[in-house]
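Q: For reference, the structure I am asking about is given below.
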Amino acid sequence: MGDYSYIDMSYLEELALGSNEFKIEMLESFLKSTPESIASMKGAMEIGDWKVVGGHAHKMKTSFSFVGMENMVQLSKKIQDLGLAEENIAEIPEMISELESTYLKAEEELKEELNKLQNA
Amino acid sequence: MASKRTLVYLVDDDDMYLKTAVHTLSQNRSFDIKSFTSGEKALASAKKAKRKPNVIVLDYFLNTEESSAISGLEILKQVKQEKLDCEVIMLSGQENIDVAVNSVKYGAYDYVVKNKSAFIRVQNDIKRIAKQQIKDAEASKLRKFVMILSVMIGVAVFVAVSFVIDPTFYGTWPENAPDFEQNAKDKAQTIQVDDTAPAATDSTSAEHDEAEEIIHIQNAVGR
């Protein structure tokens, strides 16, 4: 397992029960769905649909936990709680921006891990 | 239950969570898994399927992204209304007392928070449900058997008692019915008559010899 700054593959490793195929499938799914969810979240934020913003954050929270991104799990939870409750919405744009930039940094590590698994 | 295997429906609009749940629960060889991304699809399948699910593992927030989608709680209510005879385990991404209370109030078997131990808990819940359903099915079979046996014994006792009280209870013998007693006597007499058969046979044999002798004389005269 590689030494990464943003991701931790130990939970996914545990869930995979020795199946490389499963890990590849999960990483591919994560790399595809996360940018889509961030884009949808930003779209909902622009039209002020905070409940939908919260809904996307709710789903992303679980996905981040699979790749060991605990800070992102906490950040998603905050966005989720504020969005669904439609409270302190002024804080949400900055949180989404932080979430996106951190994801982009983690994306490199995820791709590297995926590449390793595919060539194993 | 027709099958000893447990049919589990997994319902979650989160693709990654659904894949993980399928992968994890499929490790148990006594589970058959079917996955659905919406409660509507799962409910439609459960209604029309010949083999009904034993357990439905349902995400509470199925409409977080798609607001028109039916929520997990609403699906739970419909499962109970339709009397689908299956247990529902409610999953939720957040620890929320209202979610837990609502789930139990509307008949969920358990409420499980999607944390790292969630799959173990869900798996244990499914095993417990399957065990209970097998016990219930056996008890139901036994109840049916005892009921049928009781009815049969009741009928037999009634027939016997009513016959003892009044032997003509089931009606008298019709006048033109065959007289089996007389028939039996006639048959016995016939057998007695048959006992004289050897004498008759001797007589027939003598007549036969006599006829042969006449033919023999006629032939001699003819010659």
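Q: For segment A:7-28, how many residues are of a type outside the set (Lys, Arg) and in contact (Cβ under 8 Å) with a residue 24 or more places away in the chain?
A: Final tally of qualifying residues: 12.
Q: May I pose another question? Confirm whether A:Leu75 is more than 7 Å from chain B (Cβ to nearest Cβ), crowded, with 17+ Cβ neighbours inside 10 Å, under 25 Å from B:Ala21 (Cβ atoms) and at pLDDT below 95.
A: Considered against the rule, which asks whether it is more than 7 Å from chain B (Cβ to nearest Cβ), crowded, with 17+ Cβ neighbours inside 10 Å, under 25 Å from B:Ala21 (Cβ atoms) and at pLDDT below 95, A:Leu75 comes out as no.
Q: Give the number of residues within segment B:22-32 that are buried (at least 18 other Cβ atoms within 10 Å of the Cβ) and either β-branched (Val, Ile, Thr) or touching an Asp or Glu at 6+ places or on another chain (Cβ under 8 Å) (or both).
A: Residues in segment B:22-32 being buried (at least 18 other Cβ atoms within 10 Å of the Cβ) and either β-branched (Val, Ile, Thr) or touching an Asp or Glu at 6+ places or on another chain (Cβ under 8 Å) (or both): 1 in total.
Q: Would you tally the residues in segment A:28-40 being of a type in the set (A, V, I, L, M) and either touching a Pro at 6+ places or on another chain (Cβ under 6 Å) or facing chain B (nearest Cβ under 10 Å) (or both)?
A: 0
Q: Here are some residues: B:Val101, B:Val79. Which one is more than 14 Å from chain A (Cβ to nearest Cβ), surrounded by fewer than 16 Cβ atoms within 10 Å (Cβ to Cβ), over 20 Å from A:Lys59 (Cα atoms) and among the β-branched types (Val, Ile, Thr)?
A: Being more than 14 Å from chain A (Cβ to nearest Cβ), surrounded by fewer than 16 Cβ atoms within 10 Å (Cβ to Cβ), over 20 Å from A:Lys59 (Cα atoms) and among the β-branched types (Val, Ile, Thr) holds for just one of B:Val101, B:Val79, which is B:Val101.
Q: Working only within segment A:3-34, note down all residues that are outside any loop (DSSP other than H, G, I, E, B) and under 13 Å from the mean Cα position of the chain (by Cα).
A: A:Met26, A:Leu27, A:Glu28, A:Ser29, A:Phe30, A:Leu31, A:Lys32, A:Ser33, A:Thr34 - these are the residues of segment A:3-34 that are outside any loop (DSSP other than H, G, I, E, B) and under 13 Å from the mean Cα position of the chain (by Cα).
Q: Further question: Could you please let me know if B:Lys48 is away from chain A (no Cβ under 14 Å) and either among the charged types (D, E, K, R) or crowded, with 20+ Cβ neighbours inside 10 Å (or both)?
A: yes
Q: If we scan segment A:46-55, do we find a residue that is in a helix (DSSP H, G or I), within 13 Å of the chain's Cα centre (by Cα) and either more than 11 Å from chain B (Cβ to nearest Cβ) or crowded, with 16+ Cβ neighbours inside 10 Å (or both)?
A: Checked segment A:46-55: no residue is in a helix (DSSP H, G or I), within 13 Å of the chain's Cα centre (by Cα) and either more than 11 Å from chain B (Cβ to nearest Cβ) or crowded, with 16+ Cβ neighbours inside 10 Å (or both).
Q: Something else about it: Limited to segment B:20-36, what total is found for residues that are of a type in the set (Lys, Arg) and within 14 Å of another protein chain (Cβ to nearest Cβ)?
A: Residues meeting the conditions: 1.
Q: Looking for something in a helix (DSSP H, G or I), surrounded by 16 or more Cβ atoms within 10 Å (Cβ to Cβ) and within 14 Å of chain B (Cβ to nearest Cβ) - is there at least one such residue anywhere in segment A:89-107?
A: Scanning segment A:89-107, I find no residue that is in a helix (DSSP H, G or I), surrounded by 16 or more Cβ atoms within 10 Å (Cβ to Cβ) and within 14 Å of chain B (Cβ to nearest Cβ), so the answer is no.
The values are calculated or read from the model by the stated rules, or taken from the named source; none is laboratory data. Keep in mind it's a predicted model, so treat the numbers as computed, not measured. Note that we place each Cβ from the backbone using ideal geometry, even for glycine, and neighbour counts take in every protein chain shown.
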